[in-house]
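What follows is a single structure, written as structure tokens, with notes after it.
The numbers here are math on the coordinates, done by the rules we state, and not lab data. Owing to the predicted nature of the structure, the values given are computational and were not obtained by experimental measurement. Glycine also receives a Cβ, built like all others from the backbone with ideal geometry; neighbour counts cover every protein chain displayed.
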Amino acid sequence: MSPQTPPTPPTPSHTIGPFYGYALPFPGGPDAAPHAHPDTITVHGRVLDGAGAPVPDALLEFWGPDAEGQLPQQGGSLRRDPVTGGFLGRNGVDFTGFVRVATDADGHWAIRTLRPGARGGHAPHLSVCVFARGLTHHLFTRVYVPNGDPASAAADPLLAALPPERRTTLIATPGPHATHRFDLRLQGPDETVFLEFS
Amino acid sequence: MPEVTPETPPETTRSPAAPLPEQAPVQRELTQADIDRQIARERQAYEKDLAGGAEPRHHPPRDYAPYRSSILRHPTQPPVAIDTRLDPEAVELSSPAFGRTDVTELDSDLTRQHQGEPLGERITVSGRLLDRDGRPVRGQLIELWQANASGRYAHQRDQHPAPLDPNFTGVGRVLTGDDGSYSFTTVKPGAYPWRNHANAWRPAHIHFSLFGTAFTQRLVTQMYFPGDPLFAYDPILQSVTDEAARARLVAAYDHDLSRPEWSLGYRWDIVLDGPAATWIEEGR
Ligand SMILES: [Fe+2]
């Protein structure tokens, strides 16, 4: 493709609507960490709308590296069962780096994945893609998982460029048992920072 | 009706007999004419921007009032830009991978997932998954879901009084070929009502979910069928204010793809937006 070729116009986005629930979520979708992996963390939180009400029909996807900062190129997130036409779940050994979770009636979600390792000059984080009924075009954000090294967060190019009050919307709050709290606010004074890639 | 709970804003979930709280403004249900006026206003504003030299807008604005569920669910702060050319290590420049364990052969034929055959018009939908440079996206996951031929989803919350079809679930998936090609066999979905406003109907559509070579290219969208009389009334399709962009959501009927005495063929190519890590692709 020569650099002079004008880019092909893209297919427009549309809302995911309310009825993806029997199509996109899959058994094991929220649980990407291999069984008993010592670097397993839980990340959880709520999705809230501009009135502070829970969003019970959002779908979140997470993509990120393993604990060494390596991005897997490994299938097997949604293994299918050719016998029943159902799902087998993950194999418990391979790490695919891909997580999909739907919110519950309280707008809450929880995932178990590997603590992301740092890459390049970045503080450790997972990429997040948010879909919901009412959202005409998905939203990208990041959840930064603190690794106890304040220098790493200070050096992160995205975090460093944000005003402090907005920066905190991207940083998960550590809790007991390797849990990390991360609420997503689609609109309002504490609105989460959303990203646009070019 | 479908989308009863989720698509109904609080002011219309109230039954007419229920007393309203003192302070609540009494709002009448919006009519199609109200929505048509809002759609026309949004389009005029966009066309004015275009005439003023703005770039064509390929995607719908997230703040699109005629689609009422967007009102409380769109950010008001502009997105923070990340220039991936300055950041080749960005996680978002790579994508989750899917493989042969994730898809079975039957997954792309929605008419063969039950004991019997579904009711409706048997169709195939075929096309290619490309990036903005026209390069095929190979071996990537496409997922699809849709209502049955009567316009009913196999979803508990869909209470549209149209029949469920015991022989149709309406879910499919496939991995693209080396040329980015894909093909599904299914039945043509029906139009269905929803509660965005009084007498609101969605044109027939199939929902698609797509992955690229980079997570930045992730896309969820809907494919329409040519010539549907409901296009003009639908705030979801009209949320794409650019006419040429809207046309890209409509599949083409392709007679060469129709199979004699078997199925009607539609063609729909999908172009993923967003930067991709070209250097990875060239090294393959
Ligand atoms: Fe739909």
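Amide H contacts under 5 Å for B:Val80: A:Phe194, A:Leu195, A:Glu196, restricted to partners 5 or more places along the chain or on a different chain, H placed in the peptide plane at 1.01 Å from N.
Can you bin the range A:13-78 into rounded, prolate or oblate? Criterion: square roots of the alpha carbon gyration tensor eigenvalues sorted a ≥ b ≥ c, rounded for a/c under 1.5, prolate for a/b above b/c, oblate for the rest.
Since a/c reaches 1.5 and a/b is larger than b/c, the shape of the range A:13-78 is classed as prolate.
Classify chain A as rounded, prolate or oblate, taking a ≥ b ≥ c as the square roots of the eigenvalues of its Cα gyration tensor: rounded when a/c is under 1.5, otherwise prolate if a/b is larger than b/c and oblate if not. Verdict is rounded for chain A. Restricting to the protein assembly as shown, compute how many DSSP beta bridges are antiparallel as a %, nearest 5. Of all bridge pairs located within the protein assembly as shown, approximately 75 percent are antiparallel.
Counting only other chain Cβ atoms within 10 Å of each residue's Cβ, the peptide A:75-82 averages 6. Run through the DSSP bridge list for chain B and note the antiparallel percent, rounded to the nearest 5. Of the beta bridges lying entirely in chain B, close to 75 percent run antiparallel. Placing unit charges on the Cβ atoms of the charged side chains and taking the dipole of the protein assembly as shown about its Cα centre, the candidate lying farthest along the positive direction among A:Val55, A:Pro10, B:Tyr224 is A:Val55. Within the listed set B:Glu117, B:Glu105, B:Glu143, the residue fluctuating most in the Gaussian network model of chain B (springs between alpha-carbon atoms under 10 angstrom) is B:Glu105. Taking every pair of alpha-carbon atoms in the range B:92-186, give the share separated by more than 16 Å as a whole percent. Cα-Cα pairs in the range B:92-186 separated by more than 16 Å: 60 percent.
Dipole check for the range A:20-185: with +1 at the C-beta of Lys and Arg, -1 at the C-beta of Asp and Glu, and the Cα centre as origin, the magnitude is about 140 Debye.
So what is the 222 nm mean residue ellipticity for the protein assembly as shown from helices alone, if each DSSP H run of at least 4 adds -39500 (n - 2.57) and you divide by all residues, rounding to the nearest 500 deg cm²/dmol? Don't skip to the end; give the middle numbers.
Working: 9 runs with 58 residues, N = 482.
When only DSSP H runs of four or more count, the value is -3000 deg cm²/dmol.
Restricting the calculation to alpha carbons of chain B gives Rg and Dmax of 20.8, 67 angstrom. Would you please give the FRET efficiency between A:Asp39 and B:Gln113, computed as 1/(1 + (r/R0)^6) with r the Cβ-Cβ distance and R0 = 45 Å, to the nearest 0.05? Efficiency for this residue pair is about 0.75. For A:His180, nonlocal amide neighbours, meaning residues 5 or more places apart or on other chains whose placed amide H falls under 5 Å from its own, are A:Thr42, A:Val43, A:His44, A:Gly175.
Under unit Cβ charges (Lys, Arg +1; Asp, Glu -1), what dipole magnitude, rounded to 20 debye, does the protein assembly as shown have relative to its Cα centre? Walk me through the numbers before you get to the answer.
Working: 44 positive and 58 negative charges, 82 e Å.
Magnitude of the dipole: close to 400 debye.
Modelled label positions at B:Glu261 and B:Arg85, each set 7 Å beyond Cα in the direction of Cβ, lie 5.8 nm from each other. When +1 charges are put on Lys and Arg Cβ atoms and -1 charges on Asp and Glu Cβ atoms, the dipole computed for the range B:116-167 relative to its Cα centre reaches about 220 debye.
Largest mean-square fluctuation among B:Ser239, B:Ser108, B:Ser69, in a Gaussian network model of chain B whose springs join Cα atoms under 10 Å apart, belongs to B:Ser69.
Full extension of the segment from B:Arg41 to B:Gln156, taken as 0.36 nm per residue of separation minus the current Cα-Cα distance, would add 37.8 nm. Across peptide B:79-91, the average count of Cβ atoms from other chains found within 10 Å of a residue's Cβ is 6.
Across peptide B:214-224, the mean count of Cβ atoms from other chains lying within 10 Å of each residue's own Cβ comes to 6. The H on the amide N of A:Ile171, modeled in the peptide plane, is under 5 Å from the matching H of A:Tyr144, each at least 5 residues off or on a different chain. Among B:His205, B:His59, A:His108, A:His44, sorting on how many other beta-carbon atoms sit within 10 Å of each Cβ, with the fewest leading, yields A:His108, A:His44, B:His59, B:His205. The GNM of chain B, with springs linking C-alpha atoms under 10 angstrom apart, assigns the highest mean-square fluctuation among B:Asn199, B:Asn167, B:Asn148 to B:Asn199.
Taking every alpha-carbon pair in the protein assembly as shown and binning the separations at 10 Å intervals from zero gives 4, 19, 31, 28, 15, 4, 0 percent. May I ask which residue of A:Thr113, A:Ala36, A:Leu71 lies farthest towards the positive end of the charge dipole of the range A:20-185, with charges of +1 (Lys, Arg) and -1 (Asp, Glu) on Cβ and the Cα centre as origin? Of the listed residues, the answer is A:Leu71.
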